[in-house]
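Worksheet: the structure to be examined is printed underneath.
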Amino acid sequence: MSSTAVVTPKAPQPSQRQGMGTMLGNGGAGFRVWAPFAQSVSVVGTFNAWDEAAAPLAHEGNGYWSTDVDKVSVGDAYMFVIRHGDTVLRKKNPYASQVSHSAGVAVVHDPAFDWGGDDFVMPPWNELVIYELHTGTFNDVSPSGPGTLDSIIGKLKEIALLGVNAIELMPVVEFPTDVSWGYNPAQPFAVEQALGGPEALHKLVKAAHALGMAVILDVVYNHFGPDDLDLYRFDGWSNATNEDGIYFYDNPRRNTPWGPRPDYGRAEVRQFIRDNALFWLHKYHIDGLRLDSVCTIRNCCGNDNDPANDLADGWGLLRWINDEVRASQPWKIVIAEDMKQNPWITKDTGQGGAGFGAQWDPGFVHPVRRAVVALRDEDRDMEAVAEALRLRGLTDAMKRVIYTESHDEVANGHSRVPQEICPADPGGWFARKRSTLAAGLVFTAPGIPMLFQGQEMLAPGYFQDNVPLDWSLLHTYSGISTLYRDMIRLRRNWYNETRGLRGHHINVHHSNNTDKCIAFHRFENGGPGDDVVVVANFANRAYPSYTIGFPRPGLWRVRLNTDGYVYSPDFGNSFSYDTTTEDLPQDGMPYRANIGIGPYSLIILSQNNP
């Protein structure tokens, strides 16, 4: 008589590897996931023939599950199988850095990349000139899909020649379909496959660094989704007050205009978002982040002075992220799109602030755009422009990003500045003159200047994520591009004659609302080569002899005249001359001198270094 031994399945063992998601090593991989309401979790993939019984995860406690699996290779497809009651779910790894597509499977990705030769050093923030771009339209050379991260590389030299030393990418994380602005993240750690995937982002960053350009990345933490969102009811749990599951707030805090708001009060969700921010900076050598709609992370309604709707946990998360970045890589910049001109956004966390390095400044863009878009000269408000130039509550000029065009300002019911100036003729004289006048203020006011893709070649219309940038405009408006180059070079003190344009200080000492002229003194420490005087004429008439105050005696030389023939043959080439001061006070300054300036023009003057 014989007996058959009963084999008891071996209980799954937790992974010995550290980290979340997939941890490669020693011919296999560890898998770890947070699923607190799951009854069981397993991992299935090409490495185990998608057999649910082959690789069950062990429950580690506190809602975490993990195990180690042999013979897992880079490129393997996989999913988590999560059981909750009678519900069986297949979910992508929330930390997956590569997926087949937003509604597809996770892919094991090799985190290694050859950074050899990348000795890039981030420019000081007061020398940054940012160029915001959208990957899908910036250089779309594909007949069947959007532009890619690889295709950006083909045009990097063009923007480097402008003097730009930082590019800002609109979001590139995995999103539904192949065409999007990017502000609908479906898989927050994965680079969109239609844009080239993770390897392409690595290559772009290295290529930009080789040309002396930093890379700043837009990230979205005010909401996730709403479509193709595996985080939705991730482990099957939801209830009457929380319809979206463990990653999201209960009602009504979950509500945003774009998708469900993450639960910043849940430690695991906070960790997930913090990990994501550091992931881009460390894995991809990204040089800075721009956080979208910060106001809706700190307040349910995006308001200031609204304690009933404040999200203290969101505020705490922002402070944590900024402290982590400051502690590990303090030279990298984290920018807030808060749009409330709230000084606490950029105050240090030690002072009770959120700790951001800088924030977009709506107090600059809106008055300046109104001043140049207005049809009649008498409607241009010089005092509003003067207020836009001043810091308005900020003690550090480099804590604001200033611009006249961004992805938001050239869409959402708005158009490009030349288009709004002259809808019937966005390439005409008025559009060229007044749009470059506004750009001149961007590059001469205190703050970090930014331009949006195509601005330097007078791109018309409004931004659409399925309409490629027309690079032939660079030839059509080559003079305008040269003007942007010249302004950027002076902003960066290319010739060691305009150091004050990188400085923190401004004195708007002349504001003439009758003749529509404004003048301001820019400086850091003062003196020859540092003191800069900028004069802007918002009127459709030239002033051959216009008197303004100057801070120092002697000869002042014209470094830029935006009315020059070199920028367009139909510009007036008004005579803007070097000028010598008189020992007479003017505009609160100890000296005065005459200048010449053309219609809708800007001139920059400084003194030679001794």
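Just so it is clear, none of the values below were taken in a lab; they were calculated from the coordinates. Just so it is clear, the structure is predicted and the values come from calculations on it, not from any experiment. Neighbour counts run over all protein chains shown; Cβ positions are idealised from the backbone, glycine included.
Across the range 177-276, the fraction of Cα-Cα pairs farther apart than 20 Å, rounded to a whole number, is 45%. In the range 207-237, which residues have a backbone nitrogen under 12 Å from the label point lying 7 Å from residue 465's Cα in the Cα-to-Cβ direction? It comes to 225-227, nothing else. Measuring how big the range 1-124 is from its alpha-carbon positions, Rg and Dmax come out at 17.8, 85 Å. Working from label points 7 Å from Cα in the Cα-to-Cβ sense, the residue 283 to residue 476 distance is 4.1 nm. With the simple spin-label model, which puts each label point 7 Å out from Cα in the Cβ direction, the residue 378 to residue 366 separation comes to 2.6 nm. Between residue 429 and residue 268, the FRET efficiency from the beta-carbon distance, with R0 = 60 Å, is close to 0.55. In a DSSP loop and with at most 15 other Cβ atoms within 10 Å, the chymotrypsin sites (Phe, Trp or Tyr not before Pro) in the range 95-127 are 115. May I ask for the angle, rounded to the nearest 10°, between helix 478-491 and the longest principal axis of the chain, with both axes built from Cα atoms and the value confined to 0 to 90°? That works out to roughly 90 degrees.
A Förster radius of 56 Å combined with the Cβ-Cβ distance from residue 37 to residue 584 puts the calculated FRET efficiency at roughly 0.10. Computed over all pairs of different Cα atoms, the Kirkwood value for the hydrodynamic radius of the chain is 26.2 Å.
Angle check, please: helix 312-328 long axis (alpha carbons) against the longest principal axis of the chain (alpha carbons), in degrees 0 to 90, nearest 10. Rounded to the nearest ten degrees, it is 80. Seen against the Cα atoms of the chain and their longest principal axis, helix 197-210 is set at about 30 degrees. Radius of gyration over Kirkwood radius for the range 514-565, both on Cα atoms: the Rg/Rh ratio is 0.97.
A simple count of charges around residue 295, restricted to other residues whose Cβ falls under 12 Å of its Cβ and scoring Lys, Arg +1 and Asp, Glu -1, yields -4. Applying D = kT/(6 pi eta Rh) to the range 371-495, where Rh is the Kirkwood radius over alpha-carbon pairs, T corresponds to 37 °C and eta to 0.692 mPa s, the Stokes-Einstein value obtained is 214 µm²/s. Please give the FRET efficiency for residue 326 paired with residue 127, using the beta carbon to beta carbon distance and R0 = 25 Å, rounded to the nearest 0.05. Given R0 = 25 Å and the Cβ-Cβ separation, E is 0.80.
Could you tell me which of 213, 72, 505 has its Cα farthest along the dipole of the chain towards the positive end, charges placed at Cβ (Lys, Arg +1; Asp, Glu -1), taken about the Cα centre? Checked the options; the winner is 505.
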